[in-house]
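Inspection log for the structure reproduced underneath, given as C-alpha cells.
The values are calculated or read from the model by the stated rules, or taken from the named source; none is laboratory data. As the structure is a computational prediction, the values presented were derived from the model and not from experiment. Cβ atoms come from the backbone with ideal geometry, glycine included; neighbour counts cover every protein chain shown.
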Amino acid sequence: MVLLGVILVLLAAAAGVVLVAGTARLTDSVQIDVLGGTLSIPPLTLLITGMVVISIFWLGWVLLRGGLRRTKRRRVEAKEAAAAEEARRRDEAQETKRMQGEFAAREQALLEERRLREEAEARAGEPATGSATSNQRLTDSERAVDPRANQGGGTRAEAAHEGTTSGAQHGDRQL
C-alpha cells in the first residue's frame, strides 16, 4: 500500500512539473466567467490554482475520513466500556445478593442458636417437678439392658459404681 502511494505521489509530481513547464511558455491569458464577471488569468496561474484546489480537497478528504474513523472507534470503545461497566455492575449486584444471602443465613443461624440457648437457660431455671432430674431418669429400654438399674432404682452410673466396688470386695484385681 505504501509503495503504491509513493509511486502515485511521484507520478503526480512529475505530471505537475511537466504541466508547469508547458504552461510557462504560454503568453495568452485564459478568460474565465465567474459570478457574472470575466476573469483573465495566465495559464501558469490557472494550473497552480488547480493544484492548490485539488491539494486542499484531498487534505479535507483525509481529515474527514480520519475524523469519521476516530469517531467510529470512540463510539465502539464507548459501547465496549459501557458493556464492561454493565457487566461489572451486574457482577457486583450478584455478589451483593450472594453476600446478603450469606449474611441472612448467618443471622438466622445466630438467632436460632440464641433461641435454643435461651430455651435451655429457661429450662435450667425451672424447678424440678419430678422425683429425679433428667440425668437420673432411665427409660424402660435402658433398665432392660442394665438389670442392676431395676433392682435399686438407681442410675446406671450408680450401678456401674456398685459393680466396680463389689468386684474389689471379692478379691478381684482391678486394672
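So S40 fits all but one of (1) modelled with pLDDT under 90; (2) assigned to a helix (DSSP H, G or I); what number is the exception?
(2)
Residue under question is A13, and the condition is that it be free of Cβ contacts under 8 Å to residues at least 60 places away in the same chain and within 59 Å of the chain's Cα centre (by Cα); does it hold? Full working, then the answer.
Numbers: free of Cβ contacts under 8 Å to residues at least 60 places away in the same chain: yes; within 59 Å of the chain's Cα centre (by Cα): yes.
Yes: the conditions hold for A13.
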